[in-house]
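Just below is one structure, and these are the notes that go with it.
The values are calculated or read from the model by the stated rules, or taken from the named source; none is laboratory data. A quick note: this is a predicted structure, and the numbers were derived from the prediction, not measured. So basically every Cβ, Gly included, is an ideal-geometry build from the backbone, and we count neighbours across all protein chains shown. With ligands, DNA and RNA removed, areas are computed over all heavy atoms of the protein, side chains included. Shrake-Rupley method; radii C 1.70, N 1.55, O 1.52, S 1.80 Å.
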Amino acid sequence: SLELAEIPRAYAPYFTEALQTVQAGGLCPVICFAKLPSADVCVHIADFLSQFTNMKWVAVGGICDNVMHVVMRESSQGADVGKIARAKLSKYGSAGGHRGKSRAAIPKEAVEEALGKDPSNAALTAWLRGILISRTKKSLK
């Protein structure tokens, strides 16, 4: 059952972009936002998108207060997202969780070192997808 959480209306544009992205995201959609009002946006979107079928997991990232927050949720086909977060993201910042839910906090400086100052949503998404998808399917089932 889907928990009913109050979501601020100001988050609606982020949901719109996430829904457009998830359709093209395959089994493991990754969505990132260069600027967020709160890390809670990532949590709400990840929780919502994880309800869709035919996905292994979803990752939602965004920069808020000089930190890139990454929230991962397993979906219908399941994957140990805690293991994925620790293996793929701990070298950039703190990362952890359990089979169904995980989080990471990556300093903005580490992101800008990889992508330059003020990266776009698309650049962040491509960067995070590259980190998370590389060899994930084979090594972290």
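Results, tabulated for the structure shown:
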item: Residue list for the range 22-37, restricted to those being surrounded by 20 or more Cβ atoms within 10 Å (Cβ to Cβ) and in contact (Cβ under 8 Å) with a residue 40 or more places away in the chain; result: CYS28, VAL30, ILE31, CYS32, PHE33
item: Members of the range 117-134 found to be more than 30 Å from GLY78 (Cα to Cα) and open to solvent by less than 30 Å² (accessible area, probe 1.4 Å), listed by number; result: PRO119
